[in-house]
1. Of the residues 75, 83, 91, only one is touching a residue at least 24 places away in the same chain (Cβ under 8 Å) and either in contact with a helix residue (DSSP H, G or I) (Cβ under 7 Å, 6 or more places away or on another chain) or in a loop (DSSP other than H, G, I, E, B) (or both); which?
2. Given (1) in a loop (DSSP other than H, G, I, E, B); (2) under 22 Å from residue 62 (Cα atoms), where does residue 151 come up short, assuming only one miss?
3. Which residue is farthest from the chain's Cα centre (by Cα), if the candidates are limited to segment 91-111 and must be farther than 16 Å from residue 158 by Cα and buried (at least 16 other Cβ atoms within 10 Å of the Cβ)?
4. Which condition does residue 138 not pass, out of (1) surrounded by fewer than 16 Cβ atoms within 10 Å (Cβ to Cβ); (2) in a loop (DSSP other than H, G, I, E, B); (3) at pLDDT 90 or above, if it passes all the others?
């Protein structure tokens, strides 16, 4: 006759807030009297945090992302990303990734100009979605990101490119209506 030993399953989760909310997971077994621990450590860490809250962008090509991207953004943020390129250009903005807390909580507004009083080109919320593109009619664009007090989501990553006025980029196709 054999008797089974009691088995206790243990799961350790260690969070390191300085490393982009990385977690080390340890699924282990502690057996009987010996308390032998069999542990497999699996470091589950997102990519290095790159996004910051807001900024001014004046290069012809650039990118920016929400704070902590690709990890969850912080709560209670209002971030302004100002893009200004030389006169005679417009700005094509593409959100390569986008995933916010669902409407009405967190959102991104894209303005056709450098102020929140300018025309709203896009009012984005929720997600996930990829590849959303919009174009300004001027050489300035303002992107406003708002997060409420509840939870953070992965956020967004965006690329922009200055385009000579009269040229539009749609689905990666260059269109210039002023040439034959």
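1. Residue meeting the stated conditions: 75.
2. If we test residue 151 against (1) in a loop (DSSP other than H, G, I, E, B); (2) under 22 Å from residue 62 (Cα atoms), just (2) comes out false.
3. Start the filter on segment 91-111 by keeping residues that are farther than 16 Å from residue 158 by Cα, which leaves 101-106.
Now restrict to residues that are buried (at least 16 other Cβ atoms within 10 Å of the Cβ): 101, 105-106.
Numbers: 101: 12, 105: 16, 106: 12 Å.
Among residues in segment 91-111 that are farther than 16 Å from residue 158 by Cα and buried (at least 16 other Cβ atoms within 10 Å of the Cβ), the one farthest from the chain's Cα centre (by Cα) is 105.
4. (1)
The values are calculated or read from the model by the stated rules, or taken from the named source; none is laboratory data. Note that the structure is predicted; figures quoted are calculated from it, not measured. Here Cβ is always computed from backbone atoms with ideal geometry, including for glycine, and neighbour counts include all displayed protein chains.
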